Every structure is written in structure tokens, then in C-alpha cells.
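Inspection log for the structure reproduced underneath, given as C-alpha cells.
Coordinate-derived values only; no laboratory data. As the structure is a prediction and not an experimental result, all values here were calculated from the model. All Cβ positions, even for glycine, are placed from backbone atoms using ideal geometry, and neighbour counts span all protein chains on display.
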Amino acid sequence: MNVPVGKPLLGEIETKYALDAITHTEISGFSGGYIGKFEKEFAEFCGTSDAVSVSSGTTALHLAVVALGIGEGDEVLTQSFTNMATFFALLYQGAVPVAIDSEPDTLNMDPALLEAKITPRTKAIMVVHIYGHPVDMDPILAIAKKHNLFVIEDAAEAHGAEYKGKKVGSLGDVGCFSFYANKIVTTGEGGMLTTNNVALANEARSLKALAFGEKNKFMHRAVGYNYRMTNVQAAIGSAQMTRIDDILLRKRTMGSYYLAHLSDIPELQMPVEKPYAKNVYWMFNIILRGSLAGRRQEFMDKLRTRGVDTREDFIPFNGQEIFIAKGFTKLEDCPVANNAGENGLYIPSGTDISEEEQSYVVQEIRSVVAEMKS
Ligand SMILES: *Cc1c(COP(=O)(O)O)cnc(C)c1O
């Protein structure tokens, strides 16, 4: 058997909607009804007043930073253990990212580490709901309020995840989603900003489309970007929203199965679901420990020969050679992030994974662990 780490769940609805956009030659970011439809559906889903579609998760993050007026020399606290797009979005604007280490169990930003890093230059906190588990937002929102900081949520891995019953993307000033092919909702490439701040949404809408002038179109009102999602991508996204409940149920069923069948192996640190959280298990991430610590490559190679695909975790910001060389960070800054970066990996977690495939993955993981321990 061969089990991939994941592949998108696409079907007749996606084909029908995308074909409809093409048949009506409504394929750009300015034509056709799917863009508005998808934005409305996504805002409703997140519980926000507005959603603004963009070309990727990375451009969503960048646009959020620009729209909030974060610029040269402004410090933003964000978590080291993430997709580097989170950091790039800040660096594009000349902002100074300040890397915060993770909680050992959720791998999300540790709120206890925040206040010590706040300076008069701090402008915002950018949280990342990693692997589908929401960040512990209440302490972070309290710190943000006390110090008058914006809160940006990188929700690229957490569509539908909930914090105390509220969807991620609705908890801070602005939420940023990705619809890349391996994300929970996909449009191939794409992204979305979510917010309850109508002025911020309008600013993002203008900036994502070259900041055309209102009275005189070609008298631009600012330096704009072309970060538009196309109507074809929005058609696929709107089709995905018709099945979002099913997608989330499948993810949670996948997560529960692995938890039920792997949690007794002491060498594997499992994902958690905190009392405040609804985890959507974007990817089922495990961290090797005990006698398996430091042996990730061997573990992954053995699984690969048995047809079980895995992917190693991100190298955190504080481990990136280009940033260490620039003096932005030091390897030893974030030990918890480093441990995940060195010993973490995710196992097959696709939306369409079958119980038979999961049972095979569990069996092979058990056998590899036994082999490596002997
Ligand atoms: C995928 C991802 C991004 C980037 O999204 P793209 O659509 O690939 O640009 C940003 N942040 C996190 C946490 C991600 O997982």
C-alpha cells in the first residue's frame, strides 16, 4: 500500500463551478460572481463581517501587515515555529520580527513569553494556529489590549478551528488564510483576509488591486499590489465551501483515529486538544522522543520503504541560516521550536484518507518503532 501525506478532495462540484466560470469567460480577478460569492461564504463561515480574497496565504499576510500600517522598524512578535511566509510578510515591509518560542504541547506561541519582549517599538502580535490547533488567545488578547498592539492571526493551517466556540480568523484584528493545494480548503493557490473592521477590509480591497483611484481610476491613491484571486479560483473555493462540514468532520475523524491507535507509544509525542480548543488536525504531527529522538531521518526512511509518506517539520526562524547570518536571531533562541524542527514530522493526514489506509499507517509505525528500539 502507498499512503501519501495528503491530497486535495476535489469533485464534481469544483469541476462544475470552475467550468461555469470558464464557459462565461469570467476568469480574471475582476470578472464574474464567484469572487464575491466565495468571500461572502467565507466571512459567514468565520463569523466576520468581511472577507477579502487574495492570491495566496503569503500575500494575505503581507496585505494585512500593509493595511495595518506596519512598516520600517516596527517590531512584531510572532512565533518562530511556522512556515517562513509568516516572517517574510513582515520583512517585506522592513518590520522587525521578534521570534517567540512555542508551548511544548500545542507548538503554538507561548503567551507566557510575550511580555518580556515588548518594547516601545512593538506594534503587533502575529499568532499562528499551527497544524489546526488554535492559539490560547485570551492571554494574548489581554496583553495586546494592555500595550495597544494589533493582533494578526495566521490561520493558514486552521480553517474551521475554534477557540472557546469562536472560529479562528475572527479573534484578532485580521485573520489570514491560505488555500494552497494541501490546505484544509483549497483553490490550488489562493488566500483570504478576514476581519470585522470594515475600513481595514476596504483598504485591503483597494491595495490588492493596484490602489486604483476612486474618481479617476488611473490616478492611484497609494502604492498598490496585484494580489487578486481569479474568478476560476474563487469558483473552486465556493465549491469547497459546500462541503466544508464534511471536510472538517473527516479531519477530526482522522485525528481521533490516530490518537486512539498511537497514543500508547511513549516514543511519540501526540498532538493535543486543549479544553479551549476545537482542533481540525490540518496535519497529524508527531514528535520523536526518548530513544527515537535525533533519529527522524531513519524513521522517515523506514516508513517510506513501506509506502508511508511523511514530511519533516518546519525549520523555525531561529534556525534559518540567512537570518542567523544577518544577526536577526540565534539558533539557541527557541529550544521548543528547535526540538520540533529536529524531531517533528507529520504522517498521512489527507482529507480523503480511508480507515484502511490509517490502519496500515498505524501498523507500519508500530513496526518501525519496535525495529528501531531493538
Ligand atoms: C501555507 C502557509 C502559509 C503560506 O501560504 P501560501 O498560500 O503557501 O502562500 C503561511 N503560513 C502558514 C502557517 C502556512 O502553513
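Roughly how tilted is helix 34-46, in degrees to the nearest 10 and between 0 and 90, from the longest Cα axis of the chain? On a 0 to 90 degree scale, this one is about 60.
With the convex hull of its Cα atoms as the shape, the chain has an orientation-averaged projected area of 19.3 nm². Between helix 57-67 and the chain there is an angle of about 40 degrees, using the helix long axis and the longest principal axis of the Cα atoms.
Listed by Cβ neighbour count within 10 Å, with the fewest neighbours leading, THR351, THR194 appear as THR351, THR194.
Hey, with R₀ at 35 Å, roughly what FRET efficiency would LEU331 and LYS145 work out to, going by the Cβ-Cβ distance, to 0.05? Between LEU331 and LYS145 the formula returns 0.60. At most 14 other C-beta atoms within 10 Å and a DSSP loop state: those are the exposed chymotrypsin sites (Phe, Trp or Tyr not before Pro) I care about. Give me the longest piece of the chain that has none. Excluding the exposed sites themselves, the longest stretch runs over 93-211.
The antiparallel fraction among DSSP beta bridges confined to the chain stands at about 55%. Anisotropy class assigned to the range 18-173 is prolate, per the alpha carbon gyration tensor with a/c at or over the 1.5 cut-off and a/b larger than b/c. Straight Cα distances below 28 angstrom link LYS373 to the lysines LYS302, with same-chain residues fewer than 8 positions distant left out. For the range 1-103, what Kirkwood radius comes out of the mean inverse Cα-Cα distance, in Å? After inverting the pairwise mean of 1/r, the radius is 16.9 Å. Once the convex hull of all Cα atoms in the range 261-352 is built, its volume per residue stands at 147 Å³. Extension gain, ALA260 to SER28: 0.36 nm times the residue separation minus the Cα-Cα distance gives 78.9 nm.
Volume of the convex hull of the range 76-115 (Cα atoms only), normalised per residue: 51 Å³. Working note: 222 nm ellipticity from helices only, DSSP H runs with n ≥ 4, each -39,500 (n - 2.57), summed and divided by the residues of the chain, gives -11000 deg cm²/dmol to the nearest 500. Based on the alpha-carbon gyration tensor of the range 255-304 and its eigenvalue square roots a ≥ b ≥ c, which shape applies: rounded if a/c is under 1.5, prolate if not and a/b is larger than b/c, or oblate? Prolate is the answer for the range 255-304, as a/c is 1.5 or above and a/b outweighs b/c. Sparsely packed loop sites in the range 1-76 (the GluC sites (Glu not before Pro) outside DSSP H, G, I, E and B with at most 11 other Cβ atoms within 10 Å) comprise GLU72. Shown here for the range 209-308: trypsin sites (Lys or Arg not before Pro) in loop regions (DSSP other than H, G, I, E, B) with at most 10 other Cβ atoms within 10 Å, namely LYS215, LYS217. Tell me the angle of helix 198-207 to the major Cα principal axis of the chain, expressed in degrees between 0 and 90 and rounded to the nearest ten. That helix lies at roughly 90 degrees to the long axis. Each residue, ALA181 and GLN363, gets one label point 7 Å from its Cα in the Cβ direction; the gap between the two is 2.9 nm. Straight-line reach from LYS164: taking Cα to Cα under 17 Å and skipping same-chain neighbours fewer than 8 places apart, the aspartates and glutamates in range are ASP136, ASP138, GLU153, GLU273. For the range 193-337, a Kirkwood radius taken over Cα pairs fed into Stokes-Einstein (25 °C, viscosity 0.890 mPa s) yields D = 120 µm²/s. The three principal axes of the C-alpha atoms in the range 48-136 carry coordinate ranges of 33, 31, 25 Å, sorted with the longest axis first. Structural descriptor for the chain: relative contact order 24 percent, calculated from alpha carbon pairs under 8 angstrom and at least 6 residues apart. Summed over all non-identical Cα pairs, the Kirkwood treatment of the range 1-51 gives a radius of 13.3 Å.
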